Amino acid sequence: MQFIDLNAQQQRIAADVDARIKAVLAHGRYILGPEVTELEERLADYVGVRHCVGVASGTDALLVALMALDIGPGDEVITSPFTFVATAEVIALLGAVPKFVDIDPVSYNIDPDRVESAISPRTRAIMPVSLYGQCANMDAINTIAERHGLPVIEDAAQSFGATYKGRRSCGLSTIGCTSFFPSKPLGAYGDGGACFTDDDELAARIRQAMNHGQDKRYSHPRLGINGRLDTLQAAVLVAKLAIFPDEVERRAAVGARYTALLQARGAQSIKDSREGLLTPHVDPDNTSVFAQYTLQVDDRDAVVAKLMAEDIPTAVHYPIPLNRQGAYAHYCCPDCTPNADRAAARVLSLPMHPYLSAEDAERVADAVAYPGSAGSQPVWAAAE
Ligand SMILES: *Cc1c(COP(=O)(O)O)cnc(C)c1O
């Protein structure tokens with residue numbers, strides 16, 4: 001079994017991808033070619049915002065979003081410690097300070113109730129992460145941001161295609177940023193990313209920032225980077241976008257199937273318990289794209305070993321909160337994010353992709369819920 005099987009999808013779109021790649025090779029506009037513009041228009045339309053700017057990666061999307069907002073040395077950006085390192089990395093790279101605020105233990109996303117007290121006179125932005133494919137509590141965050149005149153950047157690297165109160169992730173805040181890393185819900189065949197905004201002025205600044213700060217050739221009014229989206233990757237993404245709505249539905253179905261199978265074997269929802277085998281909870285305001293299907297277990301090492309023995313790959317997203325990482329430890333008290341600490345010690349992600357079969361889901365659920373060699377001892381019972 002594969003953790004993420006990209007093969008089934010590739011077979012589905014092979015002819016279209018081939019034709020689009022050949023078209024790029026024929027016109028030869030490898031940098032900012034017509035496929036980039038085509039993709040940007042389609043993505044903006046899909047998300048329901050005025051502007052999409054393709055960029056070289058999800059990391060660059062976050063970086064140019066911060067640059068467009070003129071965030072720099074001495075500024076503070078409030079974010080989650082329970083995320084992929086890129087979220088805090090871009091803040092620190094600009095000389096700003098990532099202010100880590102603990103997560104909500106049910107959603108794994110930044111806890112809005114803790115955000116306001118973290119705001120200081122130096123705070124310049126709030127950067128929630130929509131982890132595992134489910135949007136953060138954006139209304140609560142936007143309300144606090146408005147009260148303090150702060151922009152909100154959604155790190156939607158894992159949530160592209162998800163909805164919050166019927167609106168799409170990436171279109172829920174001042175700027176939305178996503179990633180097209182191959183294993184993300186909408187993945188390219190290499191690196192890629194995008195920024196989304198309804199603000200014309202910000203869109204122009206983002207477009208400059210990702211292309212050496214230039215407004216026209218050899219004119220550079222602003223500082224920028226080489227952060228352009230590759231034409232070949234844009235061509236691949238246009239092909240993939242055609243089947244993406246169907247894949248989003250399949251992802252939701254696989255997630256729901258896992259939850260039903262595991263709960264039938266004794267697991268509880270993380271909404272109702274903090275101990276034992278816990279399935280993720282999708283808030284009624286949300287639909288999740290399940291970038292990861294992430295459980296909690298009591299004895300992770302034992303479950304991982306059992307699954308490995310049955311040829312079922314797993315992953316831990318993420319074993320160490322960023323405020324406990326060497327590069328970031330000086331930004332925040334290490335002990336002020338107990339929910340992130342507990343999640344980091346207990347989370348376990350299962351194989352997840354739109355084409356995961358019902359049989360495979362059942363095999364995984366059996367292996368997770370009955371890890372003892374006798375096959376009869378549920379993992380949560382062993383801990384009691
Ligand atoms: C993947 C990811 C990123 C970075 O995206 P890249 O395209 O790999 O640069 C940023 N934030 C989160 C939450 C991610 O999962």
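Can you tell me which residues in the stretch 116-132 are within 16 Å of the ligand (Cβ to nearest atom) and more than 15 Å from Cys332 (Cβ to Cβ)?
Ala125, Ile126, Pro128, Val129, Ser130, Leu131, Tyr132
Exactly one of these conditions fails for Gly72: (1) open to solvent by 20 Å² or more (accessible area, probe 1.4 Å); (2) more than 15 Å from the ligand (Cβ to nearest atom). Give me its number.
Evaluating Gly72 over (1) open to solvent by 20 Å² or more (accessible area, probe 1.4 Å); (2) more than 15 Å from the ligand (Cβ to nearest atom) leaves (1) as the failure.
Take the stretch 206-242 and flag every residue that is surrounded by 19 or more Cβ atoms within 10 Å (Cβ to Cβ) and polar (S, T, N, Q).
Within the stretch 206-242, Gln208, Asn211, Thr231, Gln233 qualify.
In the stretch 187-205, how many are away from the ligand (no atom under 16 Å from the Cβ) and either assigned to a strand (DSSP E or B) or touching a helix residue (DSSP H, G or I) at 6+ places or on another chain (Cβ under 6 Å) (or both)?
3
Tally time: how many residues in the stretch 105-115 are surrounded by fewer than 20 Cβ atoms within 10 Å (Cβ to Cβ) and within 16 Å of the ligand (Cβ to nearest atom)?
Within the stretch 105-115, residues that are surrounded by fewer than 20 Cβ atoms within 10 Å (Cβ to Cβ) and within 16 Å of the ligand (Cβ to nearest atom) number 0.
Out of curiosity, is Ala145 in contact (Cβ under 8 Å) with a residue 60 or more places away in the chain and assigned to a helix (DSSP H, G or I)?
no
Filter the stretch 152-167 for residues that are touching a residue at least 40 places away in the same chain (Cβ under 8 Å), part of a strand (DSSP E or B) and within 13 Å of the ligand (Cβ to nearest atom) and give the result.
Ile153, Asp155
For Ala140, only one of the following conditions fails: (1) open to solvent by less than 10 Å² (accessible area, probe 1.4 Å); (2) away from the ligand (no atom under 13 Å from the Cβ); (3) under 16 Å from Ile110 (Cβ atoms). What is its number?
(1)
Criterion first (of a type in the set (Ser, Thr, Tyr), assigned by TED's automatic domain parsing to the domain that holds Val36 and under 15 Å from Cys177 (Cβ atoms)) does Ser107 satisfy it?
Working: of a type in the set (Ser, Thr, Tyr): yes; assigned by TED's automatic domain parsing to the domain that holds Val36: yes; under 15 Å from Cys177 (Cβ atoms): no.
Answer is no for this residue.
Return the residues of the stretch 198-256 that are of a type in the set (S, T, N, Q) and either over 20 Å from the mean Cα position of the chain (by Cα) or closer than 26 Å to Asp283 by Cα (or both); say none if nothing qualifies. Let's see the steps before the verdict.
Taking the stretch 198-256 first, the residues of a type in the set (S, T, N, Q) are 208, 211, 214, 219, 226, 231, 233.
Hits for the stretch 198-256 are Gln208, Asn211, Gln214, Ser219, Asn226, Thr231.
Could you check, for the stretch 37-50, whether at least one of its residues is farther than 17 Å from Gly192 by Cβ, β-branched (Val, Ile, Thr) and not in a helix (DSSP H, G or I)?
Initially, the stretch 37-50 is screened for residues farther than 17 Å from Gly192 by Cβ, giving 45, 48-50.
Filter once more, keeping what is β-branched (Val, Ile, Thr): 49.
Cutting the leftovers down to not in a helix (DSSP H, G or I) gives us 49.
Yes, the stretch 37-50 contains at least one residue that is farther than 17 Å from Gly192 by Cβ, β-branched (Val, Ile, Thr) and not in a helix (DSSP H, G or I).
Residues in the stretch 82-96: is at least one among the aromatic types (Phe, Trp, Tyr), more than 21 Å from Gly190 (Cβ to Cβ) and out of contact with any Leu (no Cβ under 6 Å at 6 or more places or on another chain)?
Our first condition is that a residue be among the aromatic types (Phe, Trp, Tyr); within the stretch 82-96, this holds for 82, 84.
Narrowing the set further to residues that are more than 21 Å from Gly190 (Cβ to Cβ) leaves 82.
If we keep only those that are out of contact with any Leu (no Cβ under 6 Å at 6 or more places or on another chain) too, we end up with 82.
Yes: one or more hits.
Are any residues in the stretch 172-208 out of contact with any Phe, Trp or Tyr (no Cβ under 9 Å at 6 or more places or on another chain) and closer than 11 Å to Ser57 by Cβ, and if so, which ones?
Phe181
Taking Lys184, is it within 12 Å of the ligand (Cβ to nearest atom), open to solvent by 40 Å² or more (accessible area, probe 1.4 Å) and assigned by TED's automatic domain parsing to the domain that holds Ala145?
yes
Take Cys170 and tell me if it is in contact with a Gly (Cβ under 6 Å, 6 or more places away or on another chain) and either within 15 Å of the ligand (Cβ to nearest atom) or part of a loop (DSSP other than H, G, I, E, B) (or both).
yes
Just to be sure, is Thr59 open to solvent by less than 30 Å² (accessible area, probe 1.4 Å) and near the ligand (Cβ under 10 Å from one of its atoms)?
no
The values are calculated or read from the model by the stated rules, or taken from the named source; none is laboratory data. Here the structure is a predicted model, which means the values were calculated and not measured. Neighbour counts are summed over all protein chains in view; Cβ atoms, including those assigned to glycine, are modelled from backbone coordinates with ideal geometry. Heads up: the accessible areas ignore ligands, DNA and RNA and are worked out on the full protein's heavy atoms, side chains in. Shrake-Rupley method; radii C 1.70, N 1.55, O 1.52, S 1.80 Å.
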